[in-house]
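Note sheet for the following structure.
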Amino acid sequence: MPGRKEFAKLYFGNAVIGVVKELLGLNLYDPRSEEAIVMELLNLLVSPSGGQDFELRWHRDDIRWEVDEEEEQRQLAEKSPGGRQAHTQYNIALFDDESLVVVPGSHRRVRTEEERTADPYQEELDGQVVVKMKAGDAVFYDSNIVHRGIYKGVDWQNGEKGRMTLHGSVGLYGHSEERAKNVLQHGVGDWVDRDDAAFDGLQGKCWDRAEGMRLRLVEMGRGDDLGYSLDG
Ligand SMILES: O=C(O)CCC(=O)C(=O)O
């Protein structure tokens, strides 16, 4: 993929991984903390072209909306044992971006009655925050926060600028089973164990980190029989 090396440098570099480690409660200066994190995903979220808008419904990434309160509580506790974050997701805006909408704190509690019964595309939920990012800003979050994405269509061909945001996640090793479906449903298991998936553009400690994180993802398997976190 063109630019692969630059994406790898960003994903595995200290600027992002330093924040990830802090959020996951790891000691930044302990070399063993390198072994506690697993490669997950890096994508680019882009405004649709041709003027068509696009919206994602309210959701948590890895807990289905239909579950009852008891099951929701169980899964929240399973995916973040002791209220501790077992992964972190992030958006890094390349252009100004106001597409992500979240309900702060909702990743640590079951949904309110309003949230549970809301229209999937309801314009406003109590306490919601539109994440306003300037180019170069980053936001890190737990992807089981109640959230949605609203993408305004733009005319890229004629130079109109829209959303162009890097969207990544990193997991805590040892929580692989809980994260496996969420990560492997995107097909990464099909290629990540190939020899040519090694990070030839990276060097020194960054290469060691990248290779270690990749191999820990390979250990999670291909995910062929895990299905999908959400429907639709
Ligand atoms: O558009 C966004 O920033 C959020 C994307 C999203 O909801 C998701 O990846 O599940």
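Odds and ends about this structure:
- Counted residues, the stretch 158-178 - those being basic (Lys, Arg) and either buried (at least 16 other Cβ atoms within 10 Å of the Cβ) or in contact with a helix residue (DSSP H, G or I) (Cβ under 7 Å, 6 or more places away or on another chain) (or both): 1
- Some residue of the stretch 209-219 being closer than 24 Å to residue 37 by Cα and outside any helix (DSSP H, G or I): no
- Residue ID - least open to solvent (accessible area, probe 1.4 Å), chosen from residues in the stretch 17-53 that are in contact with a helix residue (DSSP H, G or I) (Cβ under 7 Å, 6 or more places away or on another chain) and within 16 Å of the ligand (Cβ to nearest atom): 40
For every residue, the table says whether it meets (1) within 14 Å of the ligand (Cβ to nearest atom); (2) modelled with pLDDT of 95 or more; (3) exposed (fewer than 15 other Cβ atoms within 10 Å of the Cβ).
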position: 128; (1), (2), (3): yes, yes, no
position: 142; (1), (2), (3): yes, yes, no
position: 152; (1), (2), (3): yes, no, no
position: 156; (1), (2), (3): no, no, no
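- Residue check for residue 111: surrounded by 16 or more Cβ atoms within 10 Å (Cβ to Cβ), within 13 Å of the ligand (Cβ to nearest atom) and among the charged types (D, E, K, R): no
Results for (1) of a type in the set (Ser, Thr, Tyr); (2) modelled with pLDDT under 95; (3) in contact with a His (Cβ under 9 Å, 6 or more places away or on another chain), shown as yes or no for each residue.
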{"position": "41", "(1), (2), (3)": "no, yes, yes"}
{"position": "50", "(1), (2), (3)": "no, yes, no"}
{"position": "85", "(1), (2), (3)": "no, yes, yes"}
{"position": "95", "(1), (2), (3)": "no, no, no"}
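- Filtered by the rule that a residue be within 27 Å of residue 105 (Cβ to Cβ) and among the β-branched types (Val, Ile, Thr), the stretch 143-196 gives 145, 146, 150, 165, 170, 183.
- Only one entry of 40, 34 meets the criterion of being of a type in the set (D, E, K, R) and under 10 Å from residue 170 (Cα atoms), and that entry is 40.
The values are calculated or read from the model by the stated rules, or taken from the named source; none is laboratory data. Every value quoted in this text rests on a predicted model; they were computed, and no experiment measured them. Heads up, the Cβs are rebuilt from the backbone with ideal geometry, glycines too, and the neighbour counts pull from every protein chain shown. The protein model used for the area step is the full one, side chains on, heavy atoms only, and it has no ligands, DNA or RNA in it. Shrake-Rupley method; radii C 1.70, N 1.55, O 1.52, S 1.80 Å.
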